[in-house]
Amino acid sequence: LDLNFEFGGAELDKPSKAKLDQVREYLKHDNAIEGITVKAYSDSWGGRWKNLQVSIQRGEQIKQMFVDAGIDESKITIEGFGEKRHVASNQTELGRQANRRVVVEMVKP
């Protein structure tokens, strides 16, 4: 699951909010999920340290949304990557938007 963010912060874009709502609903009903990894990224605009911190904030926000939905906090791991591992060019707005993302991975037995 990929979720994207607005520029410069931890606010999800509208399509990602809808996706996250569906995932939270799913997680409420699937008790077989053993773990959730939230991998958070940023585009490369701004300083590297700031981008790393923004990516961690994004991961924390998603984690808190899962916890608020009743998911056991101990099952959730966050990894912040900042501007590393881009999936698109940072030369265009569409590319930068694609790079401002969180990838949610769920583990089942």
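The values are calculated or read from the model by the stated rules, or taken from the named source; none is laboratory data. Remember, it's a predicted structure, so these values are computed and weren't measured experimentally. Cβ: placed from backbone, ideal geometry, glycine included. Neighbour counts: every protein chain shown. Surface accessibility is based on the protein's heavy atoms, side chains included, excluding ligands, DNA and RNA. Shrake-Rupley method; radii C 1.70, N 1.55, O 1.52, S 1.80 Å.
Counting only Cβ charges, +1 for Lys and Arg and -1 for Asp and Glu, the dipole size of the chain around its Cα centre is about 280 debye. Near Ile76, the amide H atoms lying under 5 Å from its own belong to Ile36; only residues 5 or more places off or on other chains count, and H is placed 1.01 Å from N.
Dividing the C-alpha radius of gyration of region 1-64 by 2.2 N^0.38 Å, with N its residue count, gives 1.22.
Scaling against 2.2 N^0.38 Å puts the C-alpha radius of gyration of region 34-75 at 1.33. Surface composition of the chain: carbon and sulfur make up 51 percent of the accessible area, probe 1.4 Å.
Approximating the spin labels as points 7 Å out from Cα along Cα→Cβ, the Lys14-to-Trp49 distance works out to 3.7 nm. Just to be sure I understand the curve: with the Debye formula and one point per C-alpha of the chain, what is log10 I(q)/I(0) at q = 0.13 Å⁻¹? Here the Debye-derived log intensity ratios amount to -0.45.
Exceedance of the 26 Å cut-off in Cα-Cα distance is limited, within the set Lys17/Lys39; Lys28/Lys84; Lys50/Lys108, to Lys28/Lys84; Lys50/Lys108. Based on alpha carbons, the Rg and Dmax found for region 52-109 are 13.3, 41 Å. Per residue, the accessible area of the chain comes to 57 Å² when a 1.4 Å probe rolls over the protein heavy atoms. Say the dipole of the chain comes from +1 at the beta carbon of Lys and Arg and -1 at that of Asp and Glu; which of Pro109, Ala32, Ile78 then lies farthest toward its positive end? Farthest along the dipole direction, towards plus: Ile78.
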